[in-house]
1. Of the residues L28, L73, which is open to solvent by less than 50 Å² (accessible area, probe 1.4 Å) and either under 22 Å from S157 (Cβ atoms) or modelled with pLDDT under 95 (or both)?
2. I'd like to check something: does the range 41-53 contain any residue that is within 24 Å of R115 (Cβ to Cβ), assigned to a helix (DSSP H, G or I) and more than 14 Å from the chain's Cα centre (by Cα)?
3. What residue, among those in the range 159-213 that are acidic (D, E) and part of a loop (DSSP other than H, G, I, E, B), is nearest to I118 (Cα to Cα)?
4. Here is a list of conditions, (1) open to solvent by 60 Å² or more (accessible area, probe 1.4 Å); (2) in contact with a Leu (Cβ under 8 Å, 6 or more places away or on another chain), and Q199 meets all of them except one; can you say which number that is?
5. So in the range 83-106, with the set limited to residues that are out of contact with any helix residue (DSSP H, G or I) (no Cβ under 9 Å at 6 or more places or on another chain) and closer than 19 Å to I121 by Cα, which one is modelled with the lowest pLDDT?
Amino acid sequence: REQTMKNLLQSTTQLAQAIWEHYVTPQLASGAYVAVDATCGRGNDTVWLAERCARVYAFDIQPEAIAATRKALQAAGVCSIREISHAAGVGDASAAAPAVTLIEDSHANLGTYIREPIGLIVLNLGYLPGGDKDRTTTAASILTALQAAADRLAVGSLLSVTMYWGHEAGKAEREAVLSWAAKLDRGIYHCVHTDMLNQPNCPPEILFVTRKR
C-alpha cells in the first residue's frame with residue numbers, strides 16, 4: 001500500500017483506483033447499488049469491481065473483449081456470471097442478479113439495461129488493448145453513455161472517465177467529454193479533471209464526477 005501511494009502521481013490506473021476505493025460503499029457491497037464497467041476491454045477493471053461490489057454490469061461491443069473479461073473473472077474466482085448479447089434481444093439484465101452481467105453491446109445503450117441506481121461507474125476510452133486500433137470508442141456513444149450514467153448515479157456516488165487522447169479519435173472524445181462535464185448542473189454534480197502537466201505525448205487524463213443531490 002505504501003508503494004502504491006508513492007506511485008499515485010505516476011500511474012493513471014492507480015490514481016483512479018485509489019479514488020474508486022473511497023466510493024465503494026455498503027450499498028455497493030450489498031448490491032443495493034450497482035457498479036458498472038462501461039468499457040470492459042480485457043477485464044481488469046471488471047475484476048477490480050467484482051472483488052468489491054456485489055453486482056457489476058460490464059459492457060463491450062467487441063466479442064473478443066467479452067471473452068477476455070469472462071476469462072479474467074473466472075481466473076479471479078468469480079463464477080456467478082451472466083452474459084447478454086444485443087443480437088439475442090435485450091431482455092431483463094437484472095432478472096437473475098448474478099455477481100457480474102457481461103453485456104455484448106455498446107455502452108451507448110447503458111440506459112436500456114440498467115434501471116437500478118449506480119454507485120460507481122468507470123469508463124476507459126480508446127481502443128481494446130492489443131486489439132484493432134481502428135476500432136475505438138466514439139464521442140457520440142460516450143456522450144450518450146455518460147448522460148445515461150449521470151441520470152442514474154446515486155447521491156454520493158462516482159462516475160470516472162479515463163481519456164487516452166494520443167490519437168485523433170481520442171482527441172475528439174476528450175474535447176466532447178470535458179465540454180459535457182463543464183455544462184453539468186453545479187448544484188447537482190461536482191467535477192474534477194486531472195492532467196499530468198509536465199508529461200509528454202498526451203498522457204491519460206481522468207474526469208471524476210460525483211452527484212451531490
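1. Numbers: L73 fails: either under 22 Å from S157 (Cβ atoms) or modelled with pLDDT under 95 (or both).
Only one candidate qualifies: L28.
2. Taking every residue of the range 41-53 in turn, none turns out to be within 24 Å of R115 (Cβ to Cβ), assigned to a helix (DSSP H, G or I) and more than 14 Å from the chain's Cα centre (by Cα).
3. Checking each candidate, the answer is D185.
4. (2)
5. A97
The values are calculated or read from the model by the stated rules, or taken from the named source; none is laboratory data. As the structure is a computational prediction, the values presented were derived from the model and not from experiment. Cβ atoms come from the backbone with ideal geometry, glycine included; neighbour counts cover every protein chain shown. These accessible areas exclude ligands, DNA and RNA; they are computed on the full protein's heavy atoms, side chains included. Shrake-Rupley method; radii C 1.70, N 1.55, O 1.52, S 1.80 Å.
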